[in-house]
Structure formats: structure tokens, C-alpha cells
Amino acid sequence: MLPEDGHLLRIFIGESDKYDGKPLYEWIVQQAKLQRLAGATVLRGLEGFGARSRIHTAKILRLSEDLPLIIEIVDTREKIEAFLPVIDHAITEGLATIEKVEIRFYRSGEKEV
């Protein structure tokens with residue numbers, strides 16, 4: 001169960017970013033699961049730029065392997081704040097934001113007995 005007042009952690013990284021030999025986005029999602037966060041979703045961007053102001057786009061073949069990724073995680077503020085130190089050291093380039101969200105429902109699809 002999640003309270004109505006939740007928070008969204010949004011992490012912006014590159015598709016080619018790695019940690020411990022695996023894609024960084026996979027590692028972050030696995031860490032979120034280990035920390036028992038409510039869930040995580042990885043979104044692939046078509047185009048974007050970050051702190052270096054270098055455009056990453058699907059239009060240019062040589063750059064299409066490093067498209068922008070966004071990892072979104074919704075949970076309580078406390079659980080998100082506890083999670084940030086777990087992943088902080090692994091993100092050498094990127095951005096993380098937290099915003100307040102209103103949770104309308106959080107369902108597993110399983111029927112209650």
C-alpha cells in the first residue's frame with residue numbers, strides 16, 4: 001500500500017552508462033527492487049542533451065547507441081531519500097530530481113480473498 005501523498009524520483013542518464021560491467025539502468029532497477037521500492041520504469045528518449053550540451057539523438061546513427069534514459073520510481077519520500085545514497089556513487093554523469101505526486105491507486109492485479 002502506498003499513501004496518497006507520494007514522491008517521484010526521476011533519474012536522467014545515458015543508455016551507454018555502465019556500472020560494475022552492466023547497463024547502469026538495469027543496476028539501478030535491481031537496486032530499487034532490493035530496497036523494496038514500489039516499482040521502477042525505464043523510459044528511452046528519442047533525443048536530448050545534458051550537462052555537456054552534447055545532443056544525443058536517434059537521427060544520427062553513431063549517437064543512437066547512447067540515447068537518453070529516464071528511470072522513474074514512485075514511493076514515499078522517506079524510502080526515496082534512503083535509496084539515493086545506495087545509487088549515488090554509481091552515477092558519474094546524470095541528473096536526479098524528486099517531486100511530490102498524488103497517488104490515485106497502486107494495484108498488483110491480484111484479487112483479494
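The values are calculated or read from the model by the stated rules, or taken from the named source; none is laboratory data. No experiment lies behind these values; they were computed from the predicted model shown. Here the Cβ positions follow ideal geometry from the backbone for every residue, glycine too, while neighbour counts run over all protein chains shown.
Right, GLU4: touching a strand residue (DSSP E or B) at 6+ places or on another chain (Cβ under 7 Å), of a type in the set (D, E, K, R) and under 18 Å from GLU78 (Cα atoms) or not? For GLU4, the condition - touching a strand residue (DSSP E or B) at 6+ places or on another chain (Cβ under 7 Å), of a type in the set (D, E, K, R) and under 18 Å from GLU78 (Cα atoms) - is met. If you check LYS18 against the conditions, is it modelled with pLDDT of 95 or more, surrounded by 12 or more Cβ atoms within 10 Å (Cβ to Cβ), in contact with a helix residue (DSSP H, G or I) (Cβ under 9 Å, 6 or more places away or on another chain) and not β-branched (Val, Ile, Thr)? Considered against the rule, which asks whether it is modelled with pLDDT of 95 or more, surrounded by 12 or more Cβ atoms within 10 Å (Cβ to Cβ), in contact with a helix residue (DSSP H, G or I) (Cβ under 9 Å, 6 or more places away or on another chain) and not β-branched (Val, Ile, Thr), LYS18 comes out as yes. Among the residues of the stretch 19-37, the one identified as over 15 Å from LYS79 (Cα atoms), under 14 Å from the mean Cα position of the chain (by Cα) and among the charged types (D, E, K, R) is GLU26. When the stretch 29-58 is examined, which residues are found to be touching a helix residue (DSSP H, G or I) at 6+ places or on another chain (Cβ under 8 Å), surrounded by 15 or more Cβ atoms within 10 Å (Cβ to Cβ), among the β-branched types (Val, Ile, Thr) and more than 11 Å from ILE70 (Cα to Cα)? THR57 - this is the single residue of the stretch 29-58 that is touching a helix residue (DSSP H, G or I) at 6+ places or on another chain (Cβ under 8 Å), surrounded by 15 or more Cβ atoms within 10 Å (Cβ to Cβ), among the β-branched types (Val, Ile, Thr) and more than 11 Å from ILE70 (Cα to Cα). Residues in the stretch 73-113 that are assigned to a helix (DSSP H, G or I) and of a type in the set (Lys, Arg) were compared, and the one that is surrounded by the fewest Cβ atoms within 10 Å (Cβ to Cβ) is ARG77.
Checking each residue in the stretch 93-113 for being modelled with pLDDT under 95 and among the polar types (S, T, N, Q) picks out only SER108.
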